[in-house]
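The values are calculated or read from the model by the stated rules, or taken from the named source; none is laboratory data. This one's a predicted model, so the numbers in the text were calculated from it and none came from an experiment. Every residue, glycine as well, gets a Cβ built from its backbone with ideal geometry; the counts of neighbours run over all protein chains shown. Areas reflect the complete protein model, heavy atoms only, side chains present, ligands, DNA and RNA absent. Shrake-Rupley method; radii C 1.70, N 1.55, O 1.52, S 1.80 Å.
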Amino acid sequence: MGLIAYDDADAAAFQATRHLPADALAPWRAAITRHLDPRPGMRLLDLGCGTGSWTRAFGTWWPDVTVVAVDPSPAMRDRAGGTVVLAGDAASIPAADGSIDAVWISTVIHHVPDLAAAAREIRRVLAPGAPVLIRSAFPGRGDGLTLCRYWPETIAVLDERYPSVATIAEAFATAGFTVAGLEPVTQVSAPSLAVAADGLRRQAHTLLQLISDEAYANGVDRLRAAARTVTGPQTDTLDLLVLR
């Protein structure tokens with residue numbers, strides 16, 4: 001079971017606030033294509049696709065690529081906006097052996113309860129040599145996250161409850177994967193801190209759900225105070241971990 005349930009309230013908050021604008025996706029497209037060569041007929045698995053924002057982005061970027069979207073949460077699948085999303089999770093992927101040419105896992109790996117089981121299942125569905133691309137925040141690497149800046153309590157949650165790069169590498173090594181790349185990617189998450197503060201939904205963020213109500217309220221106060229004086233876009237830096 002994941003760190004949060006992704007019930008109707010969680011899914012609604014995620015849909016409302018966690019989709020990056022199209023122009024903010026450019027750094028991720030560049031990072032992905034450093035490790036993936038999209039080609040006609042390729043099958044790309046969006047594992048834990050949520051409400052389908054990455055699935056739709058991939059379809060726009062690479063119309064000749066087939067994107068297979070999978071998510072375990074009925075509430076998330078119901079909000080996919082016409083995108084076909086199959087029921088499944090990292091331990092039970094609805095795909096045939098060797099039928100997938102790349103796997104994308106975005107801000108999901110911390111919800112996977114058994115990484116070794118996930119690695120075996122991903123190995124089953126992947127074609128030989130195909131990459132696993134994991135977009136995530138990792139322990140010890142949260143300096144570029146807005147949440148960690150204004151809610152310092154989330155640093156402990158990140159360090160204690162999210163899998164580290166080393167933990168993931170060790171688990172996936174049991175299925176024959178090795179680390180092929182790790183790079184930070186900076187994205188524009190909102191046009192300003194003020195916009196971010198206005199649209200904030202606690203239920204859209206696992207890290208915020210796992211801190212106390214008092215810590216959350218204090219962080220909201222810090223964010224709103226900063227938003228009155230800090231100009232420019234709100235940026236966040238996450239990592240892209242690549243396994244093969």
task = State, to one decimal in nm, how far the label point of E183 lies from the label point of N218, with both points 7 Å from Cα in the Cβ direction.
result = 3.8 nm
note = Of the candidates L200, A30, A69, the farthest towards the positive dipole end of the chain (Lys/Arg Cβ +1, Asp/Glu Cβ -1, centred on the Cα centre) is A30
message = Need one number: % antiparallel among DSSP beta bridges in the chain, to the nearest 5.
response = 50 percent
message = Using Stokes-Einstein with the Kirkwood hydrodynamic radius over Cα pairs, what translational diffusion coefficient do you get for segment 177-244 at 25 °C and a viscosity of 0.890 mPa s, in µm²/s rounded to a whole number?
response = 176 µm²/s
ask   = Tell me, what ³J(HN,Hα) does each residue in segment 14-20 have, in order and in whole Hz, if you take phi through Karplus 6.51 cos²θ - 1.76 cosθ + 1.60 with θ = phi - 60° and put x for Gly and Pro?
value = 4, 4, 6, 10, 9, 9, 6
query = Leaving out ligands, DNA and RNA but keeping every protein chain, what accessible area does H205 have, in Å² rounded to the nearest 10, with a 1.4 Å probe?
reply = 40 Å²
note = Quarter of the surface of the C-alpha convex hull for the chain, i.e. direction-averaged projected area in nm², equals 12.0 nm²
message = Can you give me the long-range amide H partners of A180? Hydrogens built in the peptide plane at 1.01 Å from N, cutoff under 5 Å, separation of 5 or more residues or another chain.
response = V242, L243, R244
message = Please compute the contact order of segment 87-163 in relative form: average sequence separation of alpha-carbon pairs under 8 Å and at least six residues apart, divided by the residue count, as a percent.
response = 34 percent
ask   = In a solvent-free Debye calculation with one equal scatterer on each Cα, what is log10 I(q)/I(0) for segment 138-224 at q = 0.12 Å⁻¹, listed in the order of the q values?
value = -0.45
message = Please list, ordered by chain and number, the residues whose modelled amide H lies under 5 Å from the amide H of S192; skip anything fewer than 5 residues away on the same chain.
response = Q234
Nearest-ten-degree value, helix 213-227 long axis tilted from longest Cα axis of the chain = 80 degrees
task = Taking H placed 1.01 Å from N in the peptide plane, check which residues at least 5 places from V68 or on another chain put their amide H under 5 Å from its amide H.
result = L44, L45, D46
Note, ³J(HN,Hα) from phi for segment 113-121, Karplus 6.51, -1.76, 1.60, rounded to Hz, x at Gly and Pro = x, 10, 5, 5, 5, 4, 4, 5, 5
query = Which value, in Å² and to the nearest 10, is the accessible area of T66 when all protein chains are kept and the probe is 1.4 Å?
reply = 70 Å²
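Which three semi-axes in whole Å describe the equivalent ellipsoid of segment 1-108, each the square root of 5 times a Cα gyration tensor eigenvalue, listed largest first?
Numbers: eigenvalues 97, 61, 27 Å².
For segment 1-108, the semi-axes come out at 22, 17, 12 Å.
In nm, what is the difference between 0.36 nm times the number of residues separating A226 and V195 and their Cα-Cα distance?
Once the chain is fully extended between A226 and V195, it gains 10.0 nm.
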ask   = Karplus couplings for segment 173-188 from phi (6.51 cos²θ - 1.76 cosθ + 1.60, θ = phi - 60°), rounded to Hz, Gly and Pro as x?
value = 4, 5, 10, x, 8, 10, 6, 10, x, 8, 9, x, 10, 9, 10, 8
